[in-house]
Structures are given as C-alpha cells and as structure tokens.
Amino acid sequence: MKAKELREYLNNSFKEKLIPFGFKKRGSNFYFLEKGKSYSINFNSLNYDNSFPTSFSCFSGFIEVEKKYAELLNKNEKEIAKIKSSGQLYINQALLYDQQKYSCKSYDLYTLQEAEKAVIEIVEYFIERIIPNFKKIETINDLDVWYNTKEYMINSRRLKVDIIYGLLVAKFVSNPNYESLKSKYLKLSSHFGEWDKNELNKAIVYIDSNIK
C-alpha cells in the first residue's frame, strides 16, 4: 500500500460515510453548516515506510466569529467570503486519548481493511459523541462562557490561538471582564517567544480597535 493509495481511500471512505449526514468535502476537510455554525473533521496520515499513522481532528464554531478572526489575520475579502468552516472549538484524537475518551492515540494502518475499520470507528464517534458536545455551545455567549469563565486556557493545547479567540469573543459579546481577561491571558502567555508575543499583541490591538 502506498501513501497516495491510502489517502485516496480515506478520502473516498470518509466521503461515502459523511455525505449522507449533509457534510461537504473541501480538501481533506469535511464540513457541515447549520444555523451560522459549522462542524468539521479532517484526518492526517503520515508515511512511515510500511505503515501509516493516521489520526483525526474536529472543529466547530460560528462563521461570524471566524470571519472576524480572518479579518484580524489580514485576509482579503475574497478569502473571507470563502470561509465555510470555523475552528473556535477544537478536539483531536490524541487529546481524546489522553482524556481516556478514545481507545487509541492514532491508527497505525498497514492495509486498506484496517483503514476502513478506522474510518467506521472515527465517523461513528464523531457523529454520536463529538457533534452532540459541540452543539451544546448554542450561541456566541455560550462560547464566551466556554473560553472565559472556566479554566480552559490553562489546559489549552494551542494557547495563542485560543487566547485570540477568547478575547475576540469576549469583546464581541461585550463581556464586562474583558480588560481583566486580557491582563490574565497576557500573563499566561509570558513564556511566548518574541514572534508569538508580537502576533498576540497585534491581535489585541485589532480587537480593541475594531470589535464592538
């Protein structure tokens, strides 16, 4: 089995199983839109000679927030208009495994039969477990609670991105604790390198000036 053969097989197998649920395909990403919110899943497969470690990542969030995030990143109007999925909520297979919620950290695939078994397990878990949890975040105010009134940031696996999302959402919903959250997150990010600090500071300047 070659890497190209496996990738084509995974793409087709995911497509076959997700399209009936209303998902659309874009690259290796499959997404579904509902009431201004998206749900998406993608997979990553590595080539280790005779085997192919493969794992999945899942995202959800509000398109309106994602477009503001894209503006913050200086995306142009055409790029922003193409946004079909959002990533404020994020989970991946390795994190689920660490939380003892999934049986393996990744699938080490050797055959197409093993790939098919993995896709069946992944899609079932995604549809029956992950999407219902994502759907509990019904409004942008709920998203603000998710990020900013829990200890979410301390356990973040993508801290810079989550801080930007958290502050963007807090400003978006006029969270009265915005300034204190900003101070708290700047302290939490004090270990960042210069490049990441500059990126975060630029994002904060944009949020302070443009989000009302």
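A few points about this structure:
- Sole exception among (1) open to solvent by less than 70 Å² (accessible area, probe 1.4 Å); (2) free of Cβ contacts under 8 Å to residues at least 40 places away in the same chain; (3) touching a helix residue (DSSP H, G or I) at 6+ places or on another chain (Cβ under 7 Å); (4) farther than 26 Å from Val173 by Cβ for Leu112, by number: (2)
- Asp142 meets each of the listed conditions (1) at pLDDT 95 or above; (2) crowded, with 19+ Cβ neighbours inside 10 Å; (3) under 19 Å from Ser86 (Cα atoms) apart from (2).
- Long-range neighbours under 8 Å by Cβ, at least six apart or interchain, first residue over 27 Å from Pro176 (Cα atoms) within the range 120-141, second open to solvent by 90 Å² or more (accessible area, probe 1.4 Å) and assigned to a helix (DSSP H, G or I): Ile127/Phe21
- Scanning the range 43-63 for residues that are over 26 Å from Glu128 (Cα atoms) and out of contact with any helix residue (DSSP H, G or I) (no Cβ under 6 Å at 6 or more places or on another chain) yields Leu46, Tyr48, Asp49, Asn50, Ser51.
- Considering residues of the range 178-198 that are among the hydroxyl-bearing types (Ser, Thr, Tyr) and over 22 Å from the mean Cα position of the chain (by Cα) only, the residue surrounded by the most Cβ atoms within 10 Å (Cβ to Cβ): Tyr178
- Where Arg157 falls short, out of the listed (1) surrounded by fewer than 14 Cβ atoms within 10 Å (Cβ to Cβ); (2) part of a helix (DSSP H, G or I): (2)
- Filter pass, Glu151 being more than 17 Å from the chain's Cα centre (by Cα), modelled with pLDDT under 95 and surrounded by fewer than 18 Cβ atoms within 10 Å (Cβ to Cβ): yes
- Restricting attention to the range 1-21, the residues that are open to solvent by less than 40 Å² (accessible area, probe 1.4 Å) and either of a type in the set (S, T, N, Q) or not in a helix (DSSP H, G or I) (or both) total 2.
- Here is the figure for the range 24-57: residues that are open to solvent by less than 40 Å² (accessible area, probe 1.4 Å) and under 11 Å from Ser85 (Cα atoms) total 8.
- The helices (runs of 4 or more DSSP H) falling completely within the range 27-130 that include 2 or more residues that are farther than 23 Å from Leu159 by Cβ map to 63-72, 77-81, 112-125.
- Candidate set from the range 58-83 (those that are of a type outside the set (Asp, Glu) and loosely packed, with under 13 Cβ neighbours inside 10 Å); member that is nearest to Ile211 (Cα to Cα): Asn74
- Filter result (assigned to a helix (DSSP H, G or I) and of a type in the set (Ser, Thr, Tyr)) within the range 167-212: Tyr178, Ser180, Ser183, Tyr185, Tyr206, Ser209
- Residues being touching a Phe, Trp or Tyr at 6+ places or on another chain (Cβ under 8 Å) and either open to solvent by 80 Å² or more (accessible area, probe 1.4 Å) or farther than 19 Å from Tyr48 by Cα (or both) - total across the range 94-109: 4
The values are calculated or read from the model by the stated rules, or taken from the named source; none is laboratory data. If you're wondering where the values come from, they're calculated on a predicted model, not measured in any experiment. Because the Cβ atoms are built from the backbone with ideal geometry, glycine has one as well, and the counts that use them run over all protein chains shown. The area values use the complete protein model at the heavy-atom level, side chains included, leaving out ligands, DNA and RNA. Shrake-Rupley method; radii C 1.70, N 1.55, O 1.52, S 1.80 Å.
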